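Have a look at the structure below before the remarks.
The values are calculated or read from the model by the stated rules, or taken from the named source; none is laboratory data. Just so it is clear, the model here is predicted, and its values are computed rather than measured. FYI the Cβ positions are ideal-geometry reconstructions off the backbone, even for glycines, and counts take in every protein chain you see.
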Amino acid sequence: MTDSTSDLRPELAAELGITVVPLFVNFGEQRYRDGVDLTRERFYELLRTEHELPTTTQPTAAMFDAAFREELSVGGVVVGIFISEKLSGTINAARAAAGNIGLGRIELVDSLTATAGLGMQAIHAAELARDGAEIDDVLTALHADRRAQHGYAALPDLSHAVRTGRIGKARAAIGTMLRIVPVLRLDRGEVEEEARVRTFERAQQTMIESTLRTIGDVERARIVVMHSHAPDLAVSVRERLRSRLSAEPAMLTIAEAGPTIAVHAGAGAVGIFSIAG
């Protein structure tokens, strides 16, 4: 089980047997379940036309209660991998629900990341379970993934991140005046600054350089290039990264951020998430 900030394609989640609990995206008084009531296409349409910028809300404990009970009713064991506790209260809602269920085994893991970093962990756990791994082996693999993960992002427009508290207003104002673009890092559960550069182009290059320093054994590394409504940019970053690699990694793919992540990143952002080999 995971949450919708994992940005897993619905067909992939279904294929691997991953239950995705949605966060909420709020436009004014209207509340949408991410990926259920609100598609990516509809989200960007609303983002262009609505005067008020959207907000996000974590799932309720009742939603997790229902999801847990459904899985446990067929004799399963639940492994839940969720967005970093430092970025969302999602895992706390899951803990509250799990504490009230007196049957079965529920293991909850703070991924210490979000979007593709979280998605890769959920995929790894599901693949191991599908192949017959014991529950404790799955948990051991997830904790290894957490230690080996890195994520970098560049945002051409900082207004969304400022409004949602991901970047301080003073820092953003200075960056705008001096035309400085921050490269953000997410690998210890919260958003931190990796570097400050002068152009968005240079920010992309910095992400690539940072990724190359951290991926270890290239042939075992898993890498996802994320984007928010910028597919051509993602392809460009992927190919520039691929040209610098000494071998083909175990995974090098592209994924699009869903509405919950795009609320904070805005349109046109790009990132690289990896789990070192």
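When residues in segment 13-30 are screened for being closer than 22 Å to Ile123 by Cβ, not small (Gly, Ala, Ser) and not in a strand (DSSP E or B), 6 of them pass. Residue-level analysis places Phe43 outside the set of residues that are crowded, with 17+ Cβ neighbours inside 10 Å, over 23 Å from Gly271 (Cβ atoms) and assigned by TED's automatic domain parsing to the domain that holds Leu139. Per the conditions (1) surrounded by 18 or more Cβ atoms within 10 Å (Cβ to Cβ); (2) in contact (Cβ under 8 Å) with a residue 24 or more places away in the chain; (3) over 16 Å from the mean Cα position of the chain (by Cα), the sole criterion not satisfied by Gly216 is (1).
If you go through segment 140-157 and keep only what is of a type in the set (D, E, K, R) and within 12 Å of Ala269 (Cβ to Cβ), you end up with just Asp157. Can you confirm whether segment 220-231 contains a residue that is exposed (fewer than 15 other Cβ atoms within 10 Å of the Cβ) and without any contact (Cβ under 8 Å) to a residue 12 or more places away in the chain? Looking for residues that are exposed (fewer than 15 other Cβ atoms within 10 Å of the Cβ) and without any contact (Cβ under 8 Å) to a residue 12 or more places away in the chain, one finds none in segment 220-231, hence no.
Taking segment 40-55, which residues are under 19 Å from the mean Cα position of the chain (by Cα) and free of Cβ contacts under 8 Å to residues at least 24 places away in the same chain? Across segment 40-55, the qualifying residue is only Glu41.
Can you tell me which residue within segment 31-43, out of those that are in contact with a helix residue (DSSP H, G or I) (Cβ under 9 Å, 6 or more places away or on another chain) and assigned to a strand (DSSP E or B), is farthest from Gly89 (Cα to Cα)? Top of the filtered list is Leu38.
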